[in-house]
Amino acid sequence: MILFDRVSKTYPGDAHPALDDVSLHIEPNEFVFLVGVSGAGKSTLMKMITKEESPDTGKIIIGGIDLDFVKKRHIPEYRRRLGVVFQDFKLLPRRTVYENVAFALEIAGMSNKDIEKTVPKVLELVGLLDQAKKFPDQISGGQRQRVSIARSVARQPKILIADEPTGQLDKLTTEEIIDLLKKINDFGTTILVTTHNEEIVNNLQKRVVTLKDGRIVNDQKNNGIYKLDETPTPKPSRTVRTPGHALKMRKVI
């Protein structure tokens with residue numbers, strides 16, 4: 001579902017790589033937390049998935065799509081296959097809750113008839129059907145994040161990535177948002193969440209991947225807990241490898 005094969009990225013002017021020989025495989029329907037201090041490489045990894053950034057070396061395959069073959073003109077189409085949730089919600093302030101969700105479907109080319117069927121169902125899923133006519137500044141921060149999630153899952157993406165989705169929320173609202181993400185995961189969506197919130201990671205006990213200095217230093221596949229104090233293992237000497245299926249993927253878009 002999500003495959004990084006020895007991916008590295010160094011930004012111009014930086015002395016050290018943002019990602020350093022990162023390999024990661026996330027299976028369909030997994031719920032994964034990505035943790036690490038600021039500057040560990042979490043945001044860069046997320047931007048690789050959304051194709052906001054491209055690696056210097058390595059291979060990335062997302063949902064069966066080899067990103068090497070996604071041309072610039074096809075990036076918007078590729079991104080519509082993903083659900084993305086941000087810390088700052090990114091809602092349209094002059095559109096109602098209903099209209100924010102509907103707009104995402106309009107961009108995706110859905111017919112008005114299908115939009116009218118889909119939006120109420122999605123708002124009901126996130127518990128906001130009774131807030132459909134309100135504007136973002138008329139609802140709480142937690143409700144705005146629910147709108148953001150509704151907008152992201154309305155197209156039924158196979159992958160949902162959430163970048164600090166609870167960063168601006170209080171404890172109770174944070175728990176509600178995480179419960180909602182769990183519910184979406186139970187429906188079959190792969191979830192990848194970046195967070196600095198130790199409590200929600202430890203309570204959920206899902207897979208936890210720790211990044212440090214651009215490298216994965218810990219990957220707890222089951223019953224994971226929040227850990228930042230690992231030391232990167234020495235990099236193995238590079239040998240000639242026979243490429244796996246990652247290098248055999250063909251152009252999908």
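Here are the numbers for this structure:
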| read-out | value |
| --- | --- |
| Which listed residue is at pLDDT 95 or above, in a helix (DSSP H, G or I) and within 26 Å of G224 (Cβ to Cβ), from L3, L45, L24, L34 | L45 |
| Qualifying residues in segment 109-131 (those that are of a type in the set (S, T, N, Q) and over 12 Å from R151 (Cα atoms)) - the one surrounded by the most Cβ atoms within 10 Å (Cβ to Cβ) | Q131 |
| Any hit, segment 205-214, residues being surrounded by fewer than 19 Cβ atoms within 10 Å (Cβ to Cβ), under 18 Å from the mean Cα position of the chain (by Cα), within 17 Å of K42 (Cβ to Cβ) and of a type in the set (D, E) | no |
| Qualifying residue in segment 148-170 (condition: more than 23 Å from G36 (Cβ to Cβ), more than 18 Å from the chain's Cα centre (by Cα) and not hydrophobic (A, V, I, L, M, F, W, C)) | yes |
| Residues being of a type in the set (S, T, N, Q) and in contact with a Lys or Arg (Cβ under 8 Å, 6 or more places away or on another chain) - total across segment 132-173 | 1 |
| Hits in segment 59-71 - residues which are in contact (Cβ under 8 Å) with a residue 12 or more places away in the chain, surrounded by fewer than 18 Cβ atoms within 10 Å (Cβ to Cβ) and either touching a Ser or Thr at 6+ places or on another chain (Cβ under 6 Å) or part of a helix (DSSP H, G or I) (or both) | F69 |
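Let's see how each residue does on (1) among the hydrophobic types (A, V, I, L, M, F, W, C); (2) in contact (Cβ under 8 Å) with a residue 40 or more places away in the chain:
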residue	(1), (2)
G109	no, no
N112	no, no
I139	yes, yes
R146	no, no
D179	no, no
D186	no, no
T190	no, yes
V193	yes, yes
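The values are calculated or read from the model by the stated rules, or taken from the named source; none is laboratory data. Fair warning: this is a prediction, and the values are worked out from it, not measured in the lab. Note that we place each Cβ from the backbone using ideal geometry, even for glycine, and neighbour counts take in every protein chain shown.
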